[in-house]
1. To test your reading of the geometry: what angle, between 0 and 90 degrees and rounded to tens, separates the Cα axis of helix 106-142 from the longest principal axis of the chain?
2. For the range 192-268, report the translational diffusion coefficient in µm²/s to the nearest whole number, using Stokes-Einstein at 25 °C, 0.890 mPa s, and a Kirkwood Rh over Cα pairs.
3. Rank by packing, highest mean first: peptides 83-89, 126-132, with packing defined as the count of other Cβ atoms within 10 Å averaged across residues.
4. Please list, in order along the range 22-35, the HN-Hα scalar couplings obtained from phi with the Karplus expression 6.51 cos²θ - 1.76 cosθ + 1.60 (θ = phi - 60°), rounded to whole Hz, x for Gly and Pro.
5. May I ask you to list the lysines whose Cα is less than 28 Å away from that of Lys269, ignoring any residue fewer than eight positions away on the same chain?
6. Return the label of the correct value of mean projected area of the Cα convex hull in nm², as calculated from the structure shown, out of [x] 17.1; [y] 18.7; [z] 20.5.
7. Keeping the other protein chains in place, figure out the carbon and sulfur percent of the accessible area of the chain, with a 1.4 Å probe.
8. Could you give the length gained by full extension between Thr207 and Thr4, i.e. 0.36 nm per residue of separation minus their alpha carbon distance, to one decimal place?
Amino acid sequence: SGSTSGWFKIIAKLIWLLAALRDEQYHFDIASVVTLLILPILCMGYGWWHQRRGFSTLLALATALIAVAYLCIPRLLLGSAFADMRLTPFLLAIWVLTAKPKIFSRDVQYIFATLGLAFFLLRTGMTTEHLVRLDRDFTAQLEALPHIPRNRRIFAQINLPCQRSWASSRMDHLSSMATVRRGAFVNDQWDMPGAQLLRIHHPQIKTWTKDPTQIARPNECPQPQGNTYDQAMREFPRYAYDYLWLIDFTPDMLPQHDPTLTLIWQGQKSGALYRIGSATQASDTPTGKAPR
């Protein structure tokens with residue numbers, strides 16, 4: 001029963017291809033993809049000039065078939081978004097493998113091997129260092145979870161930059177860890193026809209029940225079918241939730257003088273957890289240090 005739409009979005013497909021190695025360094029990530037795209041072309045051109053075949057026919061055919069599939073698959077397929085862009089890493093990887101550097105002299109092959117190894121080590125090292133920082137940030141935000149009783153209803157807001165920003169905190173669905181670890185209902189659950197066997201029965205929540213209502217963008221760049229932080233804080237049904245979890249929000253962005261919210265936990269640099277309504281337990285303290 002899921003819908004299918006977004007056919008032949010060529011510009012978007014080109015952008016996704018260039019973002020196949022997207023991490024946090026815009027120019028380096030784009031240059032990396034362009035380098036990998038050019039490499040087989042150089043081998044083909046050199047081979048054609050010297051009347052030799054500089055590519056693998058079988059892998060070139062595989063690349064062509066994946067490229068056709070990539071162009072034909074719509075953005076939304078049977079209720080699943082971004083069905084097409086998930087092919088880009090495979091398309092790029094197989095395309096690189098079509099190159100046959102053996103047509104060059106042994107010295108040039110050594111240069112290719114050395115540069116390829118350096119490229120691999122550099123990108124792997126940069127990505128690993130970034131993932132370590134992301135893990136540290138995730139862990140800092142997840143410190144709120146021990147202060148949430150099991151089986152509660154949580155309204156989460158995750159502070160993310162505009163979608164046009166290249167780098168991201170990758171916390172888009174970090175609030176789902178409350179479901180995994182605390183058995184909580186969170187408003188980032190996937191209630192999408194055709195995408196999964198999940199149904200949500202809570203009429204009071206209305207539209208504040210699914211992705212991407214958990215994402216708060218800046219006021220100047222609201223997302224389609226999403227909301228800004230100010231809009232969410234103003235409109236979400238507080239009577240339908242037990243806790244408000246603000247993920248990666250700096251102290252200056254946290255609610256001030258709101259009688260309906262009681263601060264339970266606040267992160268050292270960002271993030272906060274509020275109980276909706278007045279505190280009734282001794283462990284509901286602003287420091288969040290008391291165990292439950």
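The values are calculated or read from the model by the stated rules, or taken from the named source; none is laboratory data. It should be emphasised that the depicted structure is a prediction, and the values quoted were computed from it without experimental measurement. Neighbour counts are summed over all protein chains in view; Cβ atoms, including those assigned to glycine, are modelled from backbone coordinates with ideal geometry. Just so you know, the surface numbers come from the protein's heavy atoms only, side chains and all, with ligands and any DNA or RNA stripped out. Shrake-Rupley method; radii C 1.70, N 1.55, O 1.52, S 1.80 Å.
1. 0 degrees
2. Using the Kirkwood radius from Cα pairs, D works out to 170 µm²/s.
3. On the way: 83-89: 17.4, 126-132: 12.1.
Ranking, from highest mean packing down: 83-89, 126-132.
4. Per-residue couplings from phi come out as 4, 9, 9, 9, 3, 5, 5, 5, 5, 4, 5, 5, 4, 4 Hz.
5. Lys210, Lys289
6. Here mean projected area of the Cα convex hull in nm² agrees with entry [y].
7. Accessible surface attributable to carbon and sulfur in the chain totals 64 percent.
8. Going from the current span to full extension adds 70.9 nm.
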